[in-house]
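The values are calculated or read from the model by the stated rules, or taken from the named source; none is laboratory data. Just so you know, these numbers come straight off a predicted model, no measurement behind them. Cβ: placed from backbone, ideal geometry, glycine included. Neighbour counts: every protein chain shown. What goes into the accessible areas is simple: the full protein's heavy atoms, side chains included, and nothing from ligands, DNA or RNA. Shrake-Rupley method; radii C 1.70, N 1.55, O 1.52, S 1.80 Å.
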Amino acid sequence: EVLMRLGVRPDRLAVIPNGVDTNTWKPAGASPSPELCQLQRRFAGKRVFLYMGRIATEKNVEALLRAWRLVQPAGCTLVVVGDGPVRQSLMQTYGSEIGVHWWGYEPDQAKRLALLQLAEVFLLPSLVEGLSLALLEAMASGTACVATDAGADGEVLDGGAGIVIST
């Protein structure tokens, strides 16, 4: 509508929805999936905080790891799911001794869903972002979300849908 008011012809416009399938990405039901049961056993007794995405400089994962090391919350683990150009160097600097579990790339959608359903908090510290698909999946899965105000991430969490922090 804005573009049409600016003079762009309607036949030159296409709406491309940005969202997630809420039939797939949803909170765990009464009978959890086998993947979720496996993760519940694996992380039994731990409160899980989750980062899921590319591990690149613009995603600001190092700031998350520095904060995690500073706080080191008792009984909690930070699960870092993903791969990218700075993963190896971050793993060397912030090993598992600070309660970080380096998951790596996860190709299985059912396992990614189970990780989101298991996590108490999804963390997205990006410096640069459009609108994070992982954030939308976390929200649809019923996971509490904390994200920076990069791109549209702050907008989707605004108004109480999550916690927005400044980049």
Checklist entry - Is the range 58-73 home to any residue that is open to solvent by less than 70 Å² (accessible area, probe 1.4 Å), charged (D, E, K, R) and touching an Asp or Glu at 6+ places or on another chain (Cβ under 9 Å)? => result yes
Item to check | Single residue of 114, 119, 140, 144 found to be in contact with an Asp or Glu (Cβ under 6 Å, 6 or more places away or on another chain) and at pLDDT 95 or above | outcome: 114
Checklist outcome for this item: Within the range 13-42, residues over 21 Å from residue 139 (Cβ atoms) and either open to solvent by less than 80 Å² (accessible area, probe 1.4 Å) or touching a strand residue (DSSP E or B) at 6+ places or on another chain (Cβ under 8 Å) (or both) come out as 13, 37
Item to check | Some residue of the range 144-152 being open to solvent by less than 40 Å² (accessible area, probe 1.4 Å), touching a Pro at 6+ places or on another chain (Cβ under 9 Å) and in contact (Cβ under 8 Å) with a residue 40 or more places away in the chain | outcome: yes
Next on the checklist: Looking only at the range 39-86, how many residues end up being in a strand (DSSP E or B), farther than 19 Å from residue 132 by Cβ and either in contact with a Phe, Trp or Tyr (Cβ under 9 Å, 6 or more places away or on another chain) or free of Cβ contacts under 8 Å to residues at least 40 places away in the same chain (or both)?
Outcome noted: 2
